[in-house]
1. Could you check R51 against (1) over 28 Å from G125 (Cα atoms); (2) among the charged types (D, E, K, R); (3) out of contact with any Gly (no Cβ under 6 Å at 6 or more places or on another chain); (4) at pLDDT below 95 and say which number it fails?
2. I want to confirm something. Restricting to region 29-48 and keeping residues that are assigned to a loop (DSSP other than H, G, I, E, B) and small (G, A, S), which single residue is modelled with the highest pLDDT?
3. State all residues of region 172-197 that are modelled with pLDDT of 90 or more and in a loop (DSSP other than H, G, I, E, B); if no residue qualifies, say none.
4. Just checking, does region 64-75 include any residue being farther than 16 Å from L177 by Cβ and part of a loop (DSSP other than H, G, I, E, B)?
5. Just for region 68-97: of the residues that are charged (D, E, K, R) and over 15 Å from the mean Cα position of the chain (by Cα), which one is surrounded by the fewest Cβ atoms within 10 Å (Cβ to Cβ)?
6. Hey, among the residues in region 127-143 that are among the aliphatic types (A, V, I, L, M) and assigned to a loop (DSSP other than H, G, I, E, B), which one's modelled with the lowest pLDDT?
7. Pairs please, first residue from region 168-182 and in contact (Cβ under 8 Å) with a residue 24 or more places away in the chain and closer than 8 Å to Y120 by Cβ, second anywhere and outside any helix (DSSP H, G or I) and among the β-branched types (V, I, T), Cβ atoms under 8 Å, 6+ apart in sequence or on different chains.
Amino acid sequence: MGVRIHLLAPAGLAIIRRMSSTRPKVPPAAEHRSLSAQRAPAPFVLSEYVRWGDIDLAGIICYGAYLRVCELAETEIFRAAGLPFSEMFQKYDIWLPRKVIHAEFEAPALLDDQLRVVTYFSHIGTTSLKINYDMMNADASLLHAAAYQVLVCVSRKGFKKMPLPDGVRLALSHYALDSEAARAEARRTYDSSASSA
């Protein structure tokens, strides 16, 4: 059983796919560049449930469990951008270690609550990225927690700081938004899909 992933399309339609043991086909670089240039920025939204192993003695999600959810969302936003980790690091000869991890907790999530993890890049710099995760409830009306990580581009050999490859910057640009725009798009897309159901 895989994780349901919702990719917000510019037209406001939720595209749902089931992850399986097969890896998704990654478009060729030239085709990917033309697709990125045509699409308006939108957040990547992943749907995940609060699991038994995520809760603490108080019966709410433990703060450390949010890191598991963030890691899952990070892996999937890169895959959706055509940059699966199994290929990207070798292709560009880079690593993206974390420099900063920051989280703020707004409202508790309970066992079996569905989380909509709204994921986007609020900064794509010369040598670093700021990836944001807004853990919202199922209809995107309540923010449970907001987190971000700063990833720094380094060489695989020697871990020397280096510029982000152009191919990485371009592929991720579709997901470049500020928090307000990303959250609004998540709510708009939920409202749009709920009214058509």
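1. Just one mismatch for R51, condition (4).
2. So the residue we want is A42.
3. Of everything in region 172-197, those that are modelled with pLDDT of 90 or more and in a loop (DSSP other than H, G, I, E, B) turn out to be L177, D178.
4. Looking for residues that are farther than 16 Å from L177 by Cβ and part of a loop (DSSP other than H, G, I, E, B), one finds at least one in region 64-75, hence yes.
5. In this case the residue turns out to be D93.
6. Per the criteria, the residue is A140.
7. As it stands, the answer is Y175/T119; A176/I124; A182/V118, since those pairs meet every condition given.
The values are calculated or read from the model by the stated rules, or taken from the named source; none is laboratory data. Fair warning: this is a prediction, and the values are worked out from it, not measured in the lab. Positions of Cβ are generated from backbone atoms using ideal geometry, with glycine treated the same way; all protein chains shown enter the neighbour counts.
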